[in-house]
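Structure record follows, encoded as structure tokens.
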Amino acid sequence: MKKGLLIILSGPSGVGKGTIRRKVMEDNDLNLAYSISVTTRAPRPSEKNGIDYFFVSDKEFDEDLAKGNFLEHAEFVGNRYGTPKDFVEKLRNEGKNVFLEIEVSGATQIMENYVGNDLVTIFLIPPSYDELRARICGRHSECEEIISARLAKAKREMKMKYRYQYIVLNDDIARASEEIKSIIRNKINAVII
């Protein structure tokens, strides 16, 4: 069985990574599996453990870190995030194309350390900074201090978009999703040949 692709969707907070990821994942022909990240932050009201994230304690995170079980890991506003290596490799060895929705710092770690032609990196950008601010504020899940930190980080991250193989504008969910599906489909076909 052919090992699956490793697909990274990244971009600034509030750009719509989760919405786009869910839309792309609806395409069963792409044989996608979602890589669930580990985090020490508390779940938002709509999030479920083992579906949106693996919510863990700081102690559990430290144990996985010591075992070398993260493809990448990062800390932001007091919370830690990581991609569990064992979970991702199990899925890829089953032939699944594993879809990672991760922050820019984590994507950078993977891109710097990953060797192979089965990696796809996509950076999602907002139509404008004002639109990004509106999306982050519209969540109503964070205080102004955290919103300001996320926006400052977004400005820094936008400068890194050219490190990715593809840049996709999220001006329309359906259009952006179709563009990403096309990118993945083309990569699957290119790797098969």
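Every read-out reported here was derived from the displayed coordinates using simple, explicitly stated rules and does not represent laboratory data. Note that the structure is a prediction, hence the values are computed from the model and not measured. Positions of Cβ are backbone-derived with ideal geometry, glycine not excepted, and every protein chain shown enters the neighbour counts.
Every pair of different Cα atoms in the range 6-192 enters the Kirkwood calculation, which places the hydrodynamic radius at 17.0 Å. For the pairs Lys159/Lys187; Lys85/Lys153; Lys3/Lys161; Lys59/Lys159; Lys67/Lys181; Lys67/Lys159, flag any whose C-alpha to C-alpha distance is greater than 30 Å. Result: Lys59/Lys159; Lys67/Lys181; Lys67/Lys159 exceed 30 Å. Close amide-amide hydrogen proximity is noted between Phe54 and Ser37, Val38, Thr39, each under 5 Å apart and 5 or more residues distant or on a separate chain (H modeled in the peptide plane; Pro and chain starts excluded). Dipole magnitude for the chain: computed about the Cα centre from +1 point charges on Lys and Arg Cβ and -1 point charges on Asp and Glu Cβ, it is near 340 debye.
Stretched out straight at 0.36 nm per residue, the stretch from Asn186 to Lys2 would grow longer than its current Cα-Cα span by 64.6 nm. Just add up the charged neighbours of Val120: K/R +1, D/E -1, any other residue whose Cβ is under 12 Å from the Cβ of Val120. It works out to a net charge of +2. Look at the dipole of the chain built from charges on Cβ: of Leu32, Leu100, Leu169, the Cα furthest out on the positive end belongs to Leu169. Rounded to the nearest 20 debye, the dipole size of the range 1-91 about its Cα centre is 220 debye, using +1 on the Cβ of Lys and Arg and -1 on the Cβ of Asp and Glu. Fully extending the segment from Ala149 to Leu119 would add 7.8 nm, taking 0.36 nm per residue of separation and subtracting the current Cα-Cα distance.
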